[in-house]
Amino acid sequence: MKSVKEQTVSRGLEGVVAAETDISFVDGANSQLYYKGYNIHDIAEHNASFSEIIYLLLYSEFPTNNELRAFRRRIISEMRVPTQVITMMELLPPSTPPMTVLRSAVSTLASFDPDGDDNSLEASEHKGVRLIAQIPTLVMSLYRIRNNLNILSPDPTLTVTSNILYMLHGKVPDERYINAMDLLLMLHADHGLNASTFAARVTASTRSDIHSAVTSAIGTLKGPLHGGANERVMSMLKDIIDISEVEEYIDSLLAQGQRVMGFGHRVYKKEDPRARHLRRMSEELCTLRGNKKLFDISHRIENIVLKKKGIYPNVDFYSATVQHALGIPDDFFTAIFAIARTPGWVAHILEQYRDNRLIRPTSKYIGLYNREYIPVEKRMKEQEGA
Ligand code: ACO
């Protein structure tokens, strides 16, 4: 074993390989992302639905038509959440950020789950699919509570994605918005050992239950350096009144040593492959809504940040304008990300359970040594004498 002095620390665990996975491959060097071996560009071009992606991540293959229909029925039948959890959300102060409510609500769901404390693989799969189904209901219900609207139950004749938009806006959405939402959810569904997935796997590795692991993941996703960046992107876009102000605005942020939200990535040093599709969708939706201003400002920010800092937009950057165009309020952006990432978390938690070893890294000690214990009476006398 190395002496403490010889130990090297990888700050932020950069470059550390902490797990084996067959769920997704983030090929940072080539700016590619694969789900179970399928390139996301290929999936995006074929307009795969969110249900297909959930199925792929959990069961390693795309479903046949019959399998997809049955799986969709299963998800929709699991979408109901106990009224006690809805009441709990209603009781929280209305200023509570949606991700904070979601974190508490998911933790509370554990007490009502029919599989209870059974943490076998089979029960965890049931609980995982239930969480994938219930998290959208929690988020949409919170939106409706906050807007004094009645909470809607899922419509079994609709797809999972249509239901998510239906339970938000109260009407069956236009096909183009459903496709945009499918793309958004698909692109956020998994991403290797990102911070929230790592948090989920650490919790799962102690053999704790899947609700605890997903709660850890939600708390981690919430941070502005991870999923919380999308909401901050929108506030930056709203701060910029006119496209002519972009350069000055970015210069001023950088001069103050601040980060431009939605830019940079630990693994991708060039294009984030997800940004390409979100950029296209952002332009399409902003045009469809007859207001391209936010897209144009975004595109200008992208060019300026690339020119000045050499960094590229990540998944959070154009997802902000896509979500905005879908009628999602800014403070719900990260919760939508959580809906999309839950299948990835669940797949990783189950993968961890299947071949578990406690995740427990070590730290390099940089503190003091061999300090002498001074009894409390003496300490007080010394302080008084000082
Ligand atoms: N704006 C300005 N400068 C940046 C940015 C940014 N968005 N991102 C990185 N940099 C700079 C840093 O200042 C640093 O420069 P320095 O070496 O001169 O100090 C250099 O690039 C390296 O940055 P690190 O923080 O070491 O890179 P790391 O891999 O740890 O960080 C992160 C990645 C956290 C995503 C970072 O790029 C960032 O803070 N981005 C803004 C927040 C954001 O968009 N998060 C969402 C990421 S995607 C996701 O989680 C879903």
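The values are calculated or read from the model by the stated rules, or taken from the named source; none is laboratory data. Worth saying up front: this structure is predicted, and the values here are computed from it rather than measured. Cβ placement follows ideal geometry from the backbone for every residue including glycine, while neighbour counts extend to all protein chains displayed. Accessible surface areas use protein heavy atoms only, side chains included; no ligands, DNA or RNA. Shrake-Rupley method; radii C 1.70, N 1.55, O 1.52, S 1.80 Å.
Under 19 Å of direct C-alpha separation, and excluding same-chain neighbours fewer than eight residues apart, residue 292 reaches these lysines: 238.
Starting from the amide H of residue 263, placed 1.01 Å from N in the peptide plane, find each other amide H under 5 Å away whose residue is 5 or more places distant or on another chain. Those qualifying (amide H under 5 Å, at least 5 residues apart or on another chain) are 314.
Which of 187, 92, 58 ends up with the largest GNM mean-square fluctuation for the chain, with Cα atoms connected below 10 Å? Sorting by GNM fluctuation, first place goes to 92. Calculated mean residue ellipticity at 222 nm for the chain: -18000 deg cm²/dmol, from DSSP H runs with n ≥ 4 weighted as -39500 (n - 2.57), summed, divided by the residue count and rounded to 500. Summing +1 for each Lys or Arg and -1 for each Asp or Glu, what net charge is found among the other residues whose Cβ lies under 12 Å from the Cβ of residue 124? Every neighbour counted, the sum reads -4. For the stretch 239-386, taking Cα atoms only, Rg and Dmax work out to 24.4, 75 Å respectively. What the phi angles of the stretch 297-308 give under the Karplus curve with 6.51, -1.76 and 1.60, with θ = phi - 60°, is a coupling list of 5, 4, 5, 5, 4, 4, 5, 5, 5, 5, 5, 8 Hz, glycine and proline written as x. Where the alpha-carbon atoms of the chain are placed on the principal axes, they occupy 75, 57, 44 Å, in descending order. Accessible area per residue was computed with a 1.4 Å probe on protein heavy atoms; residue 145 scores about 40 Å².
Counting only protein heavy atoms and a 1.4 Å probe, the stretch 229-325 has 48 square angstrom of accessible area per residue.
Under the convention that each Lys and Arg Cβ holds +1 and each Asp and Glu Cβ holds -1, the size of the dipole of the stretch 38-112 around its Cα centre is about 340 debye.
Which whole-number value in Å³ per residue fits the convex hull of the alpha carbons of the stretch 229-325?
Spread over its residues, the Cα hull of the stretch 229-325 gives 84 Å³ apiece.
Springs join every pair of Cα atoms under 10 Å in this Gaussian network model of the chain, and among 11, 266, 280 the largest mean-square fluctuation is at 11.
Excluding ligands, DNA and RNA, the accessible surface per residue across the stretch 32-133 is 47 Å² with a 1.4 Å probe.
Residues with beta-carbon under 15 Å from that of residue 101, excluding residue 101: net charge, scoring Lys, Arg +1 and Asp, Glu -1? Charge balance in the 15 Å sphere: +1. Per-residue accessible area (protein heavy atoms, 1.4 Å probe) orders 22, 174 as 22, 174, starting from the largest. Computed from the C-beta positions of residue 92 and residue 118, the FRET efficiency with R₀ = 45 Å rounds to 0.95.
Bridging of residue 269 to lysines at a Cα separation below 18 Å is possible for 307, 308, 309, once same-chain residues fewer than 8 apart are set aside.
Summarising the strand pairing of the chain, around 90 percent of its internal DSSP beta bridges are antiparallel. Each label was represented as a point 7 Å from its Cα along the Cα-to-Cβ direction; for residue 13 and residue 251 these points are 4.1 nm apart.
Converting phi to 3J(HN,Hα) with the Karplus coefficients 6.51, -1.76 and 1.60 and the offset θ = phi - 60°, the stretch 215-227 yields 4, 4, 5, 5, x, 7, 4, 4, x, x, 7, 10, x Hz in sequence order, with x at every glycine or proline. Each peptide in 358-367, 209-218, 291-300 gets a packing score, the mean of other Cβ atoms within 10 Å over its residues, and the list from highest to lowest is 209-218, 291-300, 358-367.
The relative contact order of the stretch 229-325 comes to 44 percent, based on Cα pairs under 8 Å that sit 6 or more residues apart.
The mean sequence separation of alpha-carbon pairs under 8 Å and at least six residues apart, normalised by the residue count of the chain, gives a relative contact order of 23 percent.
Across the stretch 74-89, coupling constants 3J(HN,Hα) worked out from phi with the 6.51/-1.76/1.60 Karplus curve, θ = phi - 60°, read 4, 4, 5, 5, 9, 6, 4, 10, x, 4, 4, 6, 5, 4, 4, 5 Hz, and Gly and Pro carry x.
Quote the charge dipole size of the chain about the Cα centre in Debye, to the nearest 20; the model charges only the Cβ of Lys and Arg (+1) and of Asp and Glu (-1).
Numbers: 45 positive and 46 negative charges, 141 e Å.
Computed charge dipole of the chain: roughly 680 debye.
If you roll a 1.4 Å probe over the chain with all protein chains in place, what percent of the accessible area is carbon or sulfur?
Of the solvent-accessible surface of the chain, carbon and sulfur hold 50 percent.
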